[in-house]
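Have a look at the structure below before the remarks.
The values are calculated or read from the model by the stated rules, or taken from the named source; none is laboratory data. In this text, all values refer to a predicted model and were calculated from it rather than measured experimentally. Backbone-built Cβ (ideal geometry, glycine too); neighbour counts: all protein chains shown. SASA here: full protein model, heavy atoms, side chains in, ligands and nucleic acids out. Shrake-Rupley method; radii C 1.70, N 1.55, O 1.52, S 1.80 Å.
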Amino acid sequence: MQVVVCVKQIPDPASPSSLDPATNRLVRPPEQVLDDTDRYGIEVGLQLGEKTGGSVTLVSMGPTGTMQGIRQALAMGADKAVIVDDDGLGGSDALTTAKVLAAAARREGFDVLVAGVESTDGYSGVVPQMVAELLGVPALTFARKVELEGQGLRIERQTAGGFDVVDADPPAVLAVTAGAVEPRYPTFRGIMAAKSKPIDRLTAADLGVGGNPGQEVVSVAPAPERQAGEVVEDEGTGHLRIVEFLEGAKVI
């Protein structure tokens, strides 16, 4: 089974972040780390590759930088990485991102494309579904458990009331939730091996993807601070003030 895993490098959440005053975009330093939510997707991809004797390729879009995050992912056990680094993709919306990832996966070839549900610096939560639509394959989303059933996949899709059992045959896109598996830690051997694993660097033109990213942040404002509440001295009529407040909020 040929597995492609979408990963993302993000600014270290433990370090202060900032916005570019000219574009209102997140400043991405050269030293970026692997998005923690991607570790679950990588682990699922590695397990599928190990069970089927297949390969695992990482696909990432964004500034290459020092590749600290990519090296972390390779050290976990992936075979190679493909990075799409193009200044023209700065500020891309979810659809443009999905087009790039889908084109990269199509170029590499895949049986299963694995991704996290959403990135911690974006939180759109729609990219895996868009990638599946662009590739014309089933989308197995919010997977809290993944199993191989013969030549197919079976997942437990997390829902508000429990889970659904969903089956699909490859090729397919698989979006896994945090906690679906326990990600492995890179070993010293894996860290050393990651230094020599192949990394392809591509641009949007290499993938035949172009057009306007389609997203512009026109302004940024601090979230409003919580206002002080109203203090009511109950002299026997406090319940009436509560009823009045709830009526004003259209709760009753």
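In the condition set (1) assigned to a loop (DSSP other than H, G, I, E, B); (2) of a type in the set (A, V, I, L, M, F, W, C); (3) at pLDDT below 90, Phe245 is compliant with all but (1). I want to confirm something. Restricting to segment 157-193 and keeping residues that are of a type in the set (Ser, Thr, Tyr) and within 19 Å of Gly125 (Cβ to Cβ), which single residue is nearest to the chain's Cα centre (by Cα)? Among those that are of a type in the set (Ser, Thr, Tyr) and within 19 Å of Gly125 (Cβ to Cβ), it is Thr177. Here segment 179-222 is the region considered, the condition is being modelled with pLDDT under 90 and under 22 Å from Thr37 (Cα atoms), and the residue that is surrounded by the most Cβ atoms within 10 Å (Cβ to Cβ) is Ala180.
Cβ-Cβ contacts under 7 Å between residues 6 or more apart (or on different chains), taken from a first residue in segment 1-23 that is under 30 Å from Gly152 (Cα atoms) to a second residue that is among the basic types (Lys, Arg), are absent. Screening Arg107 against (1) more than 30 Å from Ser17 (Cα to Cα); (2) touching a residue at least 60 places away in the same chain (Cβ under 8 Å); (3) touching a Phe, Trp or Tyr at 6+ places or on another chain (Cβ under 9 Å) leaves a single unmet condition, (3). Does segment 225-237 contain any residue that is at pLDDT below 90, part of a loop (DSSP other than H, G, I, E, B) and on the phi > 0 side of the Ramachandran plot? Within segment 225-237 (the criterion being at pLDDT below 90, part of a loop (DSSP other than H, G, I, E, B) and on the phi > 0 side of the Ramachandran plot), the answer is yes, since at least one residue qualifies.
Out of all the residues in segment 108-124, is one or more at pLDDT below 95, more than 19 Å from Val181 (Cβ to Cβ), open to solvent by 60 Å² or more (accessible area, probe 1.4 Å) and not in a helix (DSSP H, G or I)? Yes, segment 108-124 contains at least one residue that is at pLDDT below 95, more than 19 Å from Val181 (Cβ to Cβ), open to solvent by 60 Å² or more (accessible area, probe 1.4 Å) and not in a helix (DSSP H, G or I).
When segment 140-160 is limited to residues that are of a type in the set (A, V, I, L, M, F, W, C) and surrounded by fewer than 19 Cβ atoms within 10 Å (Cβ to Cβ), the one that is nearest to Ser92 (Cα to Cα) turns out to be Ala160.
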